[in-house]
Amino acid sequence: METYTVIRRGESIQHCISIPPEFVDQELEITIKPTKKGGGFKKKLALIFEKNKDIQPFKSIIDPVVWEKEQRSDWL
């Protein structure tokens, strides 16, 4: 994976990147690299479910409505 690094003054890039005020007058090193492929949230979540398909964390819940009310009672 290629990475590109540039040095720019904060004021020269402030129009496209939010720069904290204390960095505006300084030279900043900016590194640009492509994101990893296959890093999508949906794909990761699907892999987790596939790896753990034999686990049933809610199996012991007999009445979901009662269970939910019990969970929410902690918030009051």
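Quick note: the coordinates plus some simple rules give every number you see, no bench work behind them. Just so it is clear, the model here is predicted, and its values are computed rather than measured. Positions of Cβ are backbone-derived with ideal geometry, glycine not excepted, and every protein chain shown enters the neighbour counts.
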Quiz item: For residue 50 and residue 15 in one chain, what is 0.36 nm times their gap in residues minus the Cα-Cα distance, to one decimal in nm?
Solution: 8.2 nm
Practice problem: For the range 12-76, just say rounded, prolate or oblate: build the C-alpha gyration tensor, square-root its eigenvalues into a ≥ b ≥ c, call rounded for a/c under 1.5, and beyond that prolate if a/b exceeds b/c, oblate if not. | Solution: oblate
Quiz item: Say we join alpha carbon atoms closer than 10 Å with springs in a Gaussian network model of the chain; which of 63, 54, 25 then has the biggest fluctuation?
Solution: 63
Self-check item: Reachable lysines, given that their alpha-carbon falls under 24 Å from the alpha-carbon of residue 69 and they are not under 8 places away in the same chain
Solution: 59
Quiz item: How far is helix 64-73 tilted off the main Cα axis of the chain, in degrees rounded to 10, range 0 to 90?
Solution: 60 degrees
Quiz item: If one takes the longest principal axis of the Cα atoms in the chain, at what angle in degrees, from 0 to 90 and to the nearest 10, does the Cα axis of helix 41-51 lie?
Solution: 40 degrees
Quiz item: Are there trypsin sites (Lys or Arg not before Pro) in the range 21-57 that DSSP puts in a loop and that have at most 15 other Cβ atoms within 10 Å, and which ones?
Solution: 36, 37, 53
Quiz item: Distance in nm between label sites at residue 24 and residue 72, each 7 Å beyond Cα in the beta-carbon direction?
Solution: 4.8 nm
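Let me know the longest stretch in the chain that avoids all chymotrypsin sites (Phe, Trp or Tyr not before Pro) found in a DSSP loop with at most 15 other C-beta atoms within 10 Å.
Answer from the scan: 1-57.
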